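Asker: Structure provided below as structure tokens; questions to follow.
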Amino acid sequence: MVAGLNARVRIWRMDDIDDDVVGGAVISGTVAYDYVRARIEANPEEQLLLQQGAETTRTFNALVVPGTLDIRERDELEIVEPTSHVYYAQRFRIVGIQYSSMDKHNPNNYARLSMTRSERAHAVQ
């Protein structure tokens with residue numbers, strides 16, 4: 001098992017469904033994977049941009065095990081355990097995926113995800 005995994009996450013598959021009655025695009029999410037072992041960390045913000053007053057997009061990395069899951073860009077990751085996690089119940093948009101070079105049958109196989117905060121995470125629901 002990969003050391004340092006400290007969270008369980010839910011992976012949401014974001015799909016476009018039929019337009020609504022007024023022709024607007026509707027995005028629906030279904031759970032692709034539940035209670036996946038993971039570790040989430042925030043990337044440090046660029047100090048030079050902050051000093052200049054520029055708004056920057058916060059980026060995050062996640063390490064998920066096993067690395068054989070079919071995770072895609074535009075999927076969303078939600079932290080479901082532990083409830084004391086700093087990002088508990090928050091969603092992140094997956095923007096990049098790197099799979100390890102280990103054999104898929106190796107129990108230490110993992111995938112590294114690059115993420116940003118989901119706009120849904122900031123909305124009033």
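Asker: When the gyration tensor of region 53-98 is built from Cα positions, what are the square roots of 5 times its three eigenvalues, in whole Å, from largest to smallest? Let's see the in-between values first.
Answerer: Values: eigenvalues 81, 59, 16 Å².
They are 20, 17, 9 Å, listed from largest to smallest.
Asker: Under 16 Å from a point placed 7 Å out from the Cα of N6 along the Cα-to-Cβ direction: which residues of region 70-114 have their backbone N that close?
Answerer: 79-89
Asker: Okay, moving on. Once you put a point 7 Å from the Cα of T68 and another 7 Å from the Cα of R13, both along the Cβ direction, what distance in nm separates them?
Answerer: 1.8
Asker: Answer rounded, prolate or oblate for region 73-122, using the Cα gyration tensor with square roots of eigenvalues a ≥ b ≥ c: rounded when a/c is under 1.5, else prolate when a/b is larger than b/c, else oblate.
Answerer: The shape class here is oblate.
Rule-based calculations on the coordinates, nothing more; no lab input. Worth saying up front: this structure is predicted, and the values here are computed from it rather than measured. Glycine gets a Cβ as well: all are built from the backbone with ideal geometry, and neighbour counts include every protein chain shown.
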